[in-house]
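Undergrad: Once you've had a glance at the structure underneath, I'll fire off some questions.
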Amino acid sequence: MKRIFHSLRLGAVAVALAAGVLAASALAADEIVLKNGSRILGTVTGVRDGVVTVDTEFAGTLKVQQDQVESLRSSESIVLKLADGTVVEEPSLRVEEETLLLASESAPVATVPLADLAISDPQPWELGHGYRWKGQVSLALEMQRGNTDTDELDYGIESVWRSLEDRYTLRFDGEEDEANGVKNAENWTALGKYDRFLEGPLYWGVNASAEHDKFSDLDLRYYVGPYIGRQFHERPLLTLSAEVGGVYVDEDYIVAEDQDYLGMNWSVDATSNYISEDSQLYLKHTGIWNLDQTEDVILDLTLGLSFPLLFNIDGAAEILLEYDSGLPPEVESLDQTYRFRVGYSW
C-alpha cells in the first residue's frame, strides 16, 4: 500500500513539474492577439513592410499583417524605427489596443499608433550608416543540334547601392546568337543611374546609357539626361516607381545616316510578390521620344516572373519587347524575345 501511495505522490510531482514547465513556457512566449480574437504564442522576430513575423512551435513561421494586430507582448529588447524616422530602443515590444507603448524619461509611458511603426531592428543603412548592396548575375543558354545547329547566350548583371539619401544603379545586358555557324544576333546595353531622394516620395536623378545592336544596323546609341521620379509604393506586395525627364541622344548607324537629337525619356519599374512570398512578378519599361522628329519613338518592355531554385539561385521566365520606329525600312521595328534565365542574387 505504501508503494502505491509513493507512486501516486511521484506521479503528482511529475504532473506538477510538467504543468510548471508548460506554464513557464507560455509565460516566456511572445503573445499576439488579433482583431478577430485569435491568439498566437511564439517568438516575434521582426516587423517590416507592414508585416509582423513570429516563429511558432505549432505552425513554423507565421506572417501577420500589422493592421490586424490588436495587442502584442514580447520579452526581448528591440530597436524600433518609426515612420517619422525616430529610432528608439525598448526593453520589449508592447502593443495594446492598436497602440504602441514606449518607455519615456519624461513620462511613465509614451504612446504611438501602431501604424506609425515602420520596422524593428533596422539595418545599418536604414539608420543612415553606409549603403545596402543588392545585385544579380543572370545567364540564359540554349544549344540545339540536329537539322539546325543553334547557340544562344543571354547574360546580364545588375548592382544597386542604396542609402537613405541616394541610390546608385549599374546594369549591363547582352545577347549573342548563332545558327549553323552564322551569327544572327549581337547586342548589348549598359545603363548607369544616380538617384537623390527628396522629402516624401519624390527624387531626382541623372542617367546615362549606351547600346549596340549590329543586326539592327545600330553601331552605338548613347543618351544622357536628368529626370524627376516618384516612388508610389514600396512594399513587397507592390513596389512601383516612375520617372520622366529630358535626354540628349546620339545615334551612330552602320549603314543609315547618323543623327543626334533632344528627346523625352521616361521609365516605369514595378514588382510584386502577389503570387507567393518567394516569387516576384516584375515589369521594366523605358521610352525615348524624339522631339526633333516626333514620329520616332523607342520603347523597351520586360515582363517576367522570378522564383527561387536553390539557396540564392533563382529562375525567371521573361518576355522582352523592343520597338524602334527610327530604324531603316529593311530592319524590323519590333524585336520579341522569350527566354528562361537562371540567376544568382545577393
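The values are calculated or read from the model by the stated rules, or taken from the named source; none is laboratory data. If you're wondering where the values come from, they're calculated on a predicted model, not measured in any experiment. Here the Cβ is made from the backbone with ideal geometry for all residues, glycine too, and neighbour counts use every protein chain on show. Quick note on the areas: whole protein, heavy atoms, side chains included, nothing else; ligands and nucleic acids left out. Shrake-Rupley method; radii C 1.70, N 1.55, O 1.52, S 1.80 Å.
Undergrad: Go through (1) assigned to a strand (DSSP E or B); (2) open to solvent by 30 Å² or more (accessible area, probe 1.4 Å); (3) over 30 Å from Asp49 (Cβ atoms) one by one and return the number of the condition Leu309 breaks.
TA: (3)
Undergrad: Mind checking whether some residue in the stretch 226-238 is within 26 Å of Glu176 (Cα to Cα) and either open to solvent by 40 Å² or more (accessible area, probe 1.4 Å) or among the small types (Gly, Ala, Ser) (or both)?
TA: No, every residue in the stretch 226-238 fails to be within 26 Å of Glu176 (Cα to Cα) and either open to solvent by 40 Å² or more (accessible area, probe 1.4 Å) or among the small types (Gly, Ala, Ser) (or both).
Undergrad: Kindly evaluate Tyr323 against the criterion of being part of a loop (DSSP other than H, G, I, E, B) and either β-branched (Val, Ile, Thr) or open to solvent by 40 Å² or more (accessible area, probe 1.4 Å) (or both).
TA: Criteria not met by Tyr323.
Undergrad: Residues in the stretch 288-306 that are free of Cβ contacts under 8 Å to residues at least 40 places away in the same chain, over 29 Å from the mean Cα position of the chain (by Cα) and either within 16 Å of Asp154 (Cα to Cα) or in a strand (DSSP E or B) (or both): how many?
TA: Matching residues across the stretch 288-306 total 1.
Undergrad: So, in the stretch 196-225, exactly how many residues are of a type in the set (D, E, K, R), more than 28 Å from Leu164 (Cα to Cα) and either open to solvent by 50 Å² or more (accessible area, probe 1.4 Å) or free of Cβ contacts under 8 Å to residues at least 12 places away in the same chain (or both)?
TA: Here the count works out to 2.
Undergrad: Does Ser306 meet the test of being at pLDDT below 95 and among the polar types (S, T, N, Q)?
TA: So Ser306 fails the test.
Undergrad: Follow-up. So Lys193 ticks every box in (1) loosely packed, with under 15 Cβ neighbours inside 10 Å; (2) at pLDDT 95 or above but one. Which box is left unticked?
TA: Tallying (1) loosely packed, with under 15 Cβ neighbours inside 10 Å; (2) at pLDDT 95 or above, Lys193 fails exactly one: (1).
Undergrad: Can you spot a residue in the stretch 128-142 that is in contact (Cβ under 8 Å) with a residue 40 or more places away in the chain, among the hydroxyl-bearing types (Ser, Thr, Tyr) and closer than 27 Å to Thr169 by Cα?
TA: Yes, the stretch 128-142 contains a residue that is in contact (Cβ under 8 Å) with a residue 40 or more places away in the chain, among the hydroxyl-bearing types (Ser, Thr, Tyr) and closer than 27 Å to Thr169 by Cα.
Undergrad: Determine which single condition Glu89 fails, assuming it passes every other condition in (1) among the acidic types (Asp, Glu); (2) open to solvent by 20 Å² or more (accessible area, probe 1.4 Å); (3) closer than 30 Å to Leu191 by Cβ.
TA: (3)
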